Every structure is written in C-alpha cells, then in structure tokens.
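Beneath this line is the structure, given in structure tokens, with notes to follow.
The values are calculated or read from the model by the stated rules, or taken from the named source; none is laboratory data. Owing to the predicted nature of the structure, the values given are computational and were not obtained by experimental measurement. Because the Cβ atoms are built from the backbone with ideal geometry, glycine has one as well, and the counts that use them run over all protein chains shown.
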Amino acid sequence: MNPISIAFHSYKGGTGKTTIACNFAAQLARKGNQVGLVDLDIYAPSIQTYFEIEPKKWLNNYLNSSSDLSDVIVDGSQFVKSGKINPGDYNPKGKSTNTDGGNLWLGFSNPSSEEVLQLETTGTSTAREILKKLILLKEKMLTDLRLDYLIIDTSPGIRTWSINALAISDILLLTLKSGDIDSKGTKRLVEDIYDTFTRHGSKSYLLYNRVHGYCMPPKDFLGANNNKSNPSYKEGISGLAKENPLKAGREPKLSQELGIKTISSIPCFCDIQFSEKEFLTVLNYPEHPFSYYVNELIAGIGSA
Ligand SMILES: Nc1ncnc2c1ncn2[C@@H]1O[C@H](COP(=O)(O)OP(=O)(O)O)[C@@H](O)[C@H]1O
Ligand SMILES: [Mg+2]
C-alpha cells in the first residue's frame, strides 16, 4: 500500500477534528500500522491533551528552523500499548519502543501564545516557506519512519496554515457538526478551496460528527471512579446505539449539493462531550460505540 496523508479540517472550530484525528491515529497503530500524527492546528494546538505529555521540543522548533524534525517527533507507541508515556519512552531518533505491531509517532505544536505569535510573525512567515517546510515534513516522516498513514490535525477555516496543511494531504476530511449542515461558509470553503485540491488529485469527503439522536448513557455510566468494571458500564454500552440516522437513510443534503460523499456520521455521545478530561476512547473503551465508528471510518478510508 502507498502511504497516505489524511487531514481533518473544518470551516468552524469545535467540530471534533482533534478528537477524531487522535482516536483514528491511535486505532490505526493498534491495528498494526505505522502511523504519524501531527498537530498543525498551530493557533490552538491540543493533541498533547490526549497523550498526557509535555514534550521537550515541539513542531514549532522544526517550523522555525531551530531543530531537526527527528528531534521533535515523539514515539507514542508505548502510549498506545499501555495508556501512558514514560520519560524514557521519549525516543526522538527513530527506534521504536513497540516491536510487536504498529507504531505511533507524534508531532506536537506548542500552545504558548508567544510561540504561536512567533510562527505567525518570524521565521517561516511566507506562505511559500511554510509550504516548503510542510512538504519536507511529510516526505521525511513518510520515508524515515516508513509510515502507512500521516494524520494531520488542522486549524479551521482558510488561513495559510490550514490551506498548506490541506496541500500536503491526499485525503481531506471536512468535519461538520449536525448544526453546520447548511452552513454557507462550508459551501464557500468547498467551492473556493476543496474543488481546487480535488482537481489536482486529492479526495474529499464530508465527515459528520456529533450528529444528534443518541446520547444519554445511564447516569451511573462509569461509576464514581470512572471505572469501566462498574456493572452499569456494560449495560450502558449496550444502550448506546450503533445505528445512525444519517447512514441508514438519506445522504445528507449538503453532500448532494456539493457533490462530496459523506464518509461517516458519528453520533454525539454525552460521556465524551461532558468528560472533564479528554481521553482516547479507542484505548480506554474499545467496545464503546464511538470506537465502532472510528473502525468504520478506517474501513471507509481503506476503500476510498
Ligand atoms: N462524537 C462526539 N460526541 C461527543 N462529544 C464529542 C464528539 N466528538 C468530539 N466531541 C467533543 O467536542 C469537543 C470539541 O472537539 P474537538 O475535537 O476539540 O474539536 P475541534 O478539534 O474541531 O476544535 C470536545 O470536548 C470533544 O470531547
Ligand atoms: Mg482541535
């Protein structure tokens, strides 16, 4: 299989790009793939919250030319295996800690406002330079780490960083929330940007997330200690539907209007939405219906 790069993008923020990108990447690695996940949402980076790590170096150091790429990429394979990264697992020089299966390589973006501003104003400030850096990032990660998949989390909208992230992607997943279905902005984004990339060989899909209709796990879903051995957990899981109204019935109207297929429609799950802390559902609760939808998305990409 040729390696593929996949961007999670949206018109507005808060559609679930980061949540799905992180779960999708971790699940691909669990299934034995070589996976890279990079946070190119440089304005509001957040993948580090899912992997509970404060890296020593960030993608910013690569993008502003103060470090080599190999010094900023973190081996997260152990996290996929055991749910945590120990300081010793930080392994920037390309020897994986997970020998029996897939690997997950992570590139974090620095959330400090000074660092965000610095990327905007100095160093890689022109669009062409940014694009050159990103093309090199892709080529190096695909080749040096022998990736099967490069997953890219992006900033919403049409700023330079977002467009350049899309430019290095083979598959563009335009993520929408239920309420965005008729958004004019989304239509404009597709007509102005996506159509151009599609003409040059990328594939685009709509990805609906937080679709209404299913929610409300039982009150005591995980119990007081967030414990999945709580008896009501199994009961709760079986109460969460795996059937989806958008999938079962009509292709969403917007999909028809834009001529872009819908690759998946993921319901909104209250336990994910109202959790105090972000977590990787596919690792913590593999039997959760959200994990089922992530698997479905993986299958969809496989046949894309
Ligand atoms: N399918 C879902 N069901 C419930 N909550 C979700 C779902 N997908 C994402 N969320 C929640 O929505 C919020 C925004 O998601 P996030 O991934 O940060 O969006 P984005 O990266 O597009 O800004 C987060 O609190 C996340 O936990
Ligand atoms: Mg995000």
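Here are the numbers for the structure shown:
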item: Among (1) crowded, with 19+ Cβ neighbours inside 10 Å; (2) without any contact (Cβ under 8 Å) to a residue 12 or more places away in the chain - the single one residue 76 does not satisfy; result: (2)
item: Odd one out for residue 135 among (1) crowded, with 20+ Cβ neighbours inside 10 Å; (2) over 18 Å from the mean Cα position of the chain (by Cα); (3) within 24 Å of residue 104 (Cβ to Cβ); result: (1)
item: Test: residue in segment 134-146 that is of a type outside the set (Ser, Thr, Tyr), at pLDDT 95 or above and in a strand (DSSP E or B); result: no
item: Segment 4-25: number of residues that are crowded, with 21+ Cβ neighbours inside 10 Å and either in a helix (DSSP H, G or I) or within 11 Å of ligand 2 (Cβ to nearest atom) (or both); result: 14
item: Residue check, residue 42 more than 12 Å from ligand 1 (Cβ to nearest atom), closer than 22 Å to residue 133 by Cα, out of contact with any helix residue (DSSP H, G or I) (no Cβ under 6 Å at 6 or more places or on another chain) and touching a residue at least 12 places away in the same chain (Cβ under 8 Å); result: no
item: Pick from segment 160-200, criterion in contact (Cβ under 8 Å) with a residue 12 or more places away in the chain and of a type in the set (Gly, Ala, Ser), ranking: surrounded by the fewest Cβ atoms within 10 Å (Cβ to Cβ); result: 185
item: Filter result (farther than 23 Å from residue 194 by Cβ and surrounded by fewer than 19 Cβ atoms within 10 Å (Cβ to Cβ)) within segment 251-270; result: 268, 270
